[in-house]
Amino acid sequence: MAKTFELKVTDPDGIVYETDKATSLIIPSAGGFMGILADHAPVIAELQLGVATLLEEGKEPLRIVVSGGFVEVLDNTVMMLAEAAEREDEIDTERAERAKEHALKLLEDHTRPDYDRVQARLDRALLRLKVAGVSARRK
Amino acid sequence: MANTKEIRRRIKTVTNIRKITGAMKMVAAAKLKKVQSRAVNGRPYSERLREVVENLAGSVGNVTHPLMETRPEKRVLYIVVGADRGLAGSFNTNLMNHAMREIGDRDRNDIEIIAVGSKAISFFKKRAFPTVHVLDLPKSGADYRTVTTLSEHLSKRFTEGEVDAVYMIYAKFISAMTQEPTTMRLLPMAAPETSASLSGSDFTYEPSPDLLLQSLLPRYMNTLLYMALIESQASEQGARMSAMTAATNNADDVIGGLTLMYNKARQSAITTELTEIVSGAAALE
């Protein structure tokens, strides 16, 4: 049996996911994907927009869309503090769709001063839709 | 003595007032509970973030960041977080008095106000402050997205030198009964206290501690703002709840007094009537 570690995923609205039976976690850190197994060395890393994949003992892999934030690994406990985190089965596709449409409309104006930010919002909406879509097809 | 009809009418009026204040008390209590749970939910994130920032500051040593640059305060921005509605006792008055004291005799042309909540907005508009911005919070209360937008706006104006300091004036939540108007300096950010709580183990930082701190500081500011807004909402509901509890109790007292008066008036009317009948009968004999 693989060794396990504790994982907590939180965002400013509360705890998104909690387990003490995680066996592996892959996170989108600012420098690229990073894998975490039990007994990982203490690390503090920045997160970027992406999908974190969690493997848990006796469970299907769970994917969590995270955008920004950071992760802290210490003593077999992983704290993921994301700006926003959503489990694949809890993504509000309607809202993501609306966010996408809205962002696309705003992006028609190429001279917007906040072009980058709207672009980031679009990326986030697209990623959420993609993950939600894949998750729904698997079922 | 007032006639019975008049007293009955007054009893009815006060009873209606009591119903309204009673209902408002319940609503405020429910809202307070909700916003408190949001504060509790947000706490793990913000506290952990603070710990990490402090820990990072400890390992970087001398922290410098554009958001921490101290300049002479020529142009100052105040964020005043009031309530959207009244009937919360002295909540708004206390807060605005505090704000006015805080602003003191600074030249009004050198300050800017961001007013949150319609009470704060009308207060500053009425007093003809030259620059009043208005921030509308979503109906459901402050959410993290709105806060991020606001804090990006503030950071931009600060780093570009348009304002030299940003203060936030809000009601600190002490208990459901007590709130305290407080001023918090948002910008320039105070240097995080360096803590040794986590430094016992040697972390690997990815990217370097320095870069990590640069990206975490703005986020830290977001959570400060967010928590202050949530706290102010909790204070508002708490203030309204205690004001309405007091109003309901007062209404009970008034109803009691009026009922006593009504009974006395009724009794004296009956007595008068009896005396009239008795003396009428006596006259016939």
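The values are calculated or read from the model by the stated rules, or taken from the named source; none is laboratory data. Only a predicted model underlies this, so the values are computations on that prediction, with no experimental measurement involved. Cβ placement follows ideal geometry from the backbone for every residue including glycine, while neighbour counts extend to all protein chains displayed. Heads up: the accessible areas ignore ligands, DNA and RNA and are worked out on the full protein's heavy atoms, side chains in. Shrake-Rupley method; radii C 1.70, N 1.55, O 1.52, S 1.80 Å.
Quick one: is B:Glu231 farther than 20 Å from B:Thr21 by Cα, acidic (Asp, Glu) and either open to solvent by less than 40 Å² (accessible area, probe 1.4 Å) or under 23 Å from the mean Cα position of the chain (by Cα) (or both)?
Here the answer is yes, as B:Glu231 does meet what is asked.
When you look at A:Val131, is it in a helix (DSSP H, G or I), surrounded by 15 or more Cβ atoms within 10 Å (Cβ to Cβ) and touching an Asp or Glu at 6+ places or on another chain (Cβ under 6 Å), yes or no?
Against the criterion (in a helix (DSSP H, G or I), surrounded by 15 or more Cβ atoms within 10 Å (Cβ to Cβ) and touching an Asp or Glu at 6+ places or on another chain (Cβ under 6 Å)), A:Val131 qualifies.
Do we have B:Thr183 as modelled with pLDDT of 90 or more, of a type outside the set (Gly, Ala, Ser) and open to solvent by less than 30 Å² (accessible area, probe 1.4 Å) here?
In short, no.
Name the single residue that is surrounded by the most Cβ atoms within 10 Å (Cβ to Cβ) among those in segment B:52-62 being more than 9 Å from chain A (Cβ to nearest Cβ) and over 15 Å from B:Ala190 (Cα atoms).
Going through segment B:52-62, the residues more than 9 Å from chain A (Cβ to nearest Cβ) turn out to be B:53-54, B:57-62.
Remaining after also requiring over 15 Å from B:Ala190 (Cα atoms): B:59-60.
On the way: B:Ser59: 17, B:Val60: 19.
Residue satisfying both the conditions and the ranking: B:Val60.
Looking only at segment A:1-23, filter to residues that are outside any loop (DSSP other than H, G, I, E, B) and among the acidic types (Asp, Glu); which one of those is surrounded by the fewest Cβ atoms within 10 Å (Cβ to Cβ)?
Checking each candidate, the answer is A:Glu18.
Based on this model, can you work out whether A:Val71 counts as assigned to a strand (DSSP E or B), of a type in the set (Val, Ile, Thr) and touching a Pro at 6+ places or on another chain (Cβ under 8 Å)?
Judged against the criteria, A:Val71 is not a match.
Please go through segment A:78-99 and give me each residue that is farther than 13 Å from A:Arg124 by Cβ, assigned to a helix (DSSP H, G or I) and open to solvent by less than 40 Å² (accessible area, probe 1.4 Å), ordered by number. Even if it seems obvious, please write down each step before you answer.
Step one: filter segment A:78-99 for residues farther than 13 Å from A:Arg124 by Cβ, giving A:78-81, A:87-90, A:93-94.
Right, trim to assigned to a helix (DSSP H, G or I) and you get A:88-90, A:93-94.
Selection gives A:Glu88 alone.
For segment B:153-164, which residues satisfy the criterion of being more than 14 Å from every other protein chain (Cβ to nearest Cβ), more than 14 Å from B:Tyr78 (Cα to Cα) and part of a helix (DSSP H, G or I)?
B:Thr159
Step by step: first the residues of segment B:186-225, then only those that are at pLDDT 80 or above and β-branched (Val, Ile, Thr), then the one that is surrounded by the fewest Cβ atoms within 10 Å (Cβ to Cβ). Which residue is that?
Taking the candidates together, the pick is B:Thr204.
Note down all Cβ pairs under 7 Å where the first residue falls in segment A:121-139 and is of a type in the set (Asp, Glu), the second is open to solvent by less than 50 Å² (accessible area, probe 1.4 Å), and they're at least six residues apart or on different chains.
So the pair list comes out empty.
If you take the residues of segment A:109-124 that are more than 13 Å from every other protein chain (Cβ to nearest Cβ) and part of a helix (DSSP H, G or I), which of them is modelled with the lowest pLDDT?
Here the answer is A:Tyr115.
Which one of B:Leu150, B:Leu77 is over 17 Å from the mean Cα position of the chain (by Cα), assigned to a strand (DSSP E or B), at pLDDT 85 or above and not small (Gly, Ala, Ser)?
Checking each option against the conditions leaves just B:Leu77.
I'd like the full set of residues that are surrounded by 13 or more Cβ atoms within 10 Å (Cβ to Cβ) and outside any strand (DSSP E or B), limited to segment B:128-147.
Looking only at segment B:128-147, we keep the residues that are surrounded by 13 or more Cβ atoms within 10 Å (Cβ to Cβ), and these are B:129, B:131-135, B:137, B:141-147.
Across segment B:128-147, the qualifying residues are B:Phe129, B:Thr131, B:Leu137, B:Gly141, B:Ala142, B:Asp143, B:Tyr144, B:Arg145, B:Thr146, B:Val147.
Identify all residues within segment B:218-247 that are within 14 Å of chain A (Cβ to nearest Cβ), touching a helix residue (DSSP H, G or I) at 6+ places or on another chain (Cβ under 7 Å) and hydrophobic (A, V, I, L, M, F, W, C); write none if there are none.
Of everything in segment B:218-247, those that are within 14 Å of chain A (Cβ to nearest Cβ), touching a helix residue (DSSP H, G or I) at 6+ places or on another chain (Cβ under 7 Å) and hydrophobic (A, V, I, L, M, F, W, C) turn out to be B:Met221, B:Leu225, B:Met227, B:Leu229, B:Ile230.
From the residues in segment B:25-46 that are of a type in the set (A, V, I, L, M, F, W, C) and exposed (fewer than 15 other Cβ atoms within 10 Å of the Cβ), which one is modelled with the lowest pLDDT?
B:Val40
Report whether or not A:Thr53 is farther than 19 Å from A:Leu129 by Cβ and modelled with pLDDT of 90 or more.
no
Of the numbered conditions (1) modelled with pLDDT of 85 or more; (2) open to solvent by 20 Å² or more (accessible area, probe 1.4 Å); (3) of a type in the set (Val, Ile, Thr), B:Val163 satisfies every one except a single condition; which is it?
(2)
Going by the conditions given, is B:Glu273 of a type in the set (D, E, K, R), at pLDDT 85 or above and surrounded by fewer than 11 Cβ atoms within 10 Å (Cβ to Cβ)?
yes
Quick check on my filter: what residues within segment A:24-43 are surrounded by 19 or more Cβ atoms within 10 Å (Cβ to Cβ) and either away from chain B (no Cβ under 12 Å) or not polar (S, T, N, Q) (or both)? Full working, then the answer.
Filtering segment A:24-43 for residues surrounded by 19 or more Cβ atoms within 10 Å (Cβ to Cβ) gives A:25, A:27-29, A:34, A:36.
Matches in segment A:24-43: A:Leu25, A:Ile27, A:Pro28, A:Met34, A:Ile36.
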